[in-house]
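Okay, structure first, notes after.
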Amino acid sequence: MTAAATTPREGAGRDRVTGLLRKYLIVFIFLGMCALLAIFSPDHSFLKPQNLINVVRQISVIGLLAMGVMLCIITMGIDLSLGSVLGFSAVVAASLVQQPAWKEAIYPGLQLPAIAAVLAGLAAGILLGGLNGMLIAGFRIPPFIATLGMMTAARGFAYIYSNGRPVSTLNEDFLFLGKGDIGGLPVPIIIFLTVVVLMHLMLTYTRFGRHIYAIGGNEVAARVSGINVGRTKIFIYLISGMLAGLGGVVLTARVQSATPALGMGFELDAIASAVIGGTSFAGGIGTVWGTVVGALIIGVMNNGLDLLNVSPFYQQVVKGVIIVVAIIIDERKNR
């Protein structure tokens with residue numbers, strides 16, 4: 001007697017398992033990486049609480065940038081200017097919290113300059129991000145070209161503003177944003193988690209979030225349905241620039257100085273985090289939690305390869321391979 005054919009219940013169960021594997025594949029990859037590093041890192045140093053906190057602290061800035069570029073990619077765009085916007089915002093913010101005597105006389109306690117520096121850094125990012133959005137939505141310049149031009153211009157602005165010199169000797173109140181902790185949790189991590197929660201709420205529960213996915217799914221249909229595509233894109237790149245500005249403020253406070261070259265190459269890690277986390281270049285697909293996991297994979301990989309004493313040159317090769325593999329998996333999944 002032949003074996004019975006697969007029952008509908010068994011087929012449904014297999015489909016359910018396959019769906020879960022496809023949906024959470026990136027999580028399983030992340031857990032697998034952590035398990036391997038826990039086993040092979042010297043003295044199991046990867047699992048030490050301080051090392052795990054350092055990993056999240058180090059990816060907090062990349063994670064902020066990844067949140068912004070995720071929105072751009074969902075709408076089939078890109079933002080190559082993130083690192084340069086971060087650098088410009090950093091020198092602008094740092095210049096307002098240096099500690100010469102005349103500033104102490106004008107601002108007793110130096111509390112106001114710290115607040116002003118944060119606002120100035122955010123404003124610089126918003127300005128440059130808004131310009132990106134205007135070029136893309138108003139002049140119909142492809143996002144790759146518009147943000148590539150801004151990448152060069154913003155870096156030039158940073159050198160001009162700082163006269164090519166590092167900006168250091170910063171206010172302790174400002175440095176708290178990078179070095180301080182609240183309840184044992186570093187402030188950069190708190191800022192990152194706050195942005196993650198706000199971004200999730202925006203994409204999940206607001207009309208603006210639904211418009212972002214609609215534009216990425218079918219821009220023509222979105223426009224016909226009454227969505228103001230141009231205005232939405234401007235706000236998307238404005239948010240991306242603002243998060244780059246916030247990243248510049250946090251990174252400056254963490255390293256205690258700002259240079260016009262700060263953030264160089266960060267846009268690549270941010271894009272990699274979003275893509276590895278499942279954000280599709282085909283548009284309309286991307287999640288906040290996936291991007292967070294993608295950023296964690298980048299951070300764990302960098303930290304683990306350092307613990308294993310792998311050359312930085314090889315680390316770049318590994319990172320490139322991971323990005324290409326992630327795009328291949330995304331392409332096959334979309335098929």
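Here, each number is a calculation from the coordinates, and none is a lab measurement. These figures come from a predicted structure and were not determined experimentally. Because the Cβ atoms are built from the backbone with ideal geometry, glycine has one as well, and the counts that use them run over all protein chains shown.
Using the alpha-carbon atoms, what tilt in degrees (0 to 90, nearest 10) does helix 229-255 show relative to the longest principal axis of the chain?
Computed tilt is about 60 degrees.
Tell me, what HN-Hα J-couplings in whole Hz come from the Karplus equation 6.51 cos²θ - 1.76 cosθ + 1.60 at θ = phi - 60° for each residue of segment 214-226, using x for Gly and Pro?
Each residue of segment 214-226 in turn: 5, 5, x, x, 6, 5, 5, 5, 5, 5, 5, 6, x Hz.
Could you check the simple spin-label distance between residue 40 and residue 308, using points 7 Å along Cα→Cβ, in nm with one decimal?
0.3
Whose amide H sits under 5 Å from the amide H of residue 181, counting only residues 5 or more places off or on another chain, with H placed in the peptide plane?
Under 5 Å from the amide H of residue 181 lie the amide H atoms of 187, each far enough along the sequence or on another chain.
With springs connecting C-alpha atoms under 10 Å apart, model the chain as a Gaussian network and identify which of 169, 259, 206 has the largest mean-square fluctuation.
Highest fluctuation among the options: 206.
Bins of 10 Å, beginning at zero and ending with the bin holding the largest distance: percent of Cα pairs per bin for the chain, please.
6, 24, 31, 23, 11, 3, 1, 1, 0, 0
If you take the square roots of the eigenvalues of the alpha-carbon gyration tensor of segment 96-236 and sort them as a ≥ b ≥ c, do you get rounded (a/c under 1.5), prolate (a/b over b/c) or oblate?
oblate
Once the dipole of the chain is set up with Lys and Arg at +1 and Asp and Glu at -1 on Cβ about the Cα centre, which of 92, 193, 137 lies farthest towards its positive end?
137
Enumerate the calculated ³J(HN,Hα) couplings along segment 277-290 in order (Karplus 6.51 cos²θ - 1.76 cosθ + 1.60, θ = phi - 60°), each rounded to whole Hz, writing x wherever the residue is Gly or Pro.
In residue order, the calculated couplings are x, x, 5, 9, 5, 6, x, x, 10, x, 10, 5, 5, x Hz.
Which ³J(HN,Hα) values, rounded to whole Hz and listed in residue order, are derived for segment 178-195 from phi using the Karplus coefficients 6.51, -1.76 and 1.60 in 6.51 cos²θ - 1.76 cosθ + 1.60 with θ = phi - 60°, glycine and proline given as x?
So the J values, rounded to whole Hz, are x, 9, x, 9, 10, x, x, 9, x, 4, x, 5, 4, 4, 4, 5, 4, 5.
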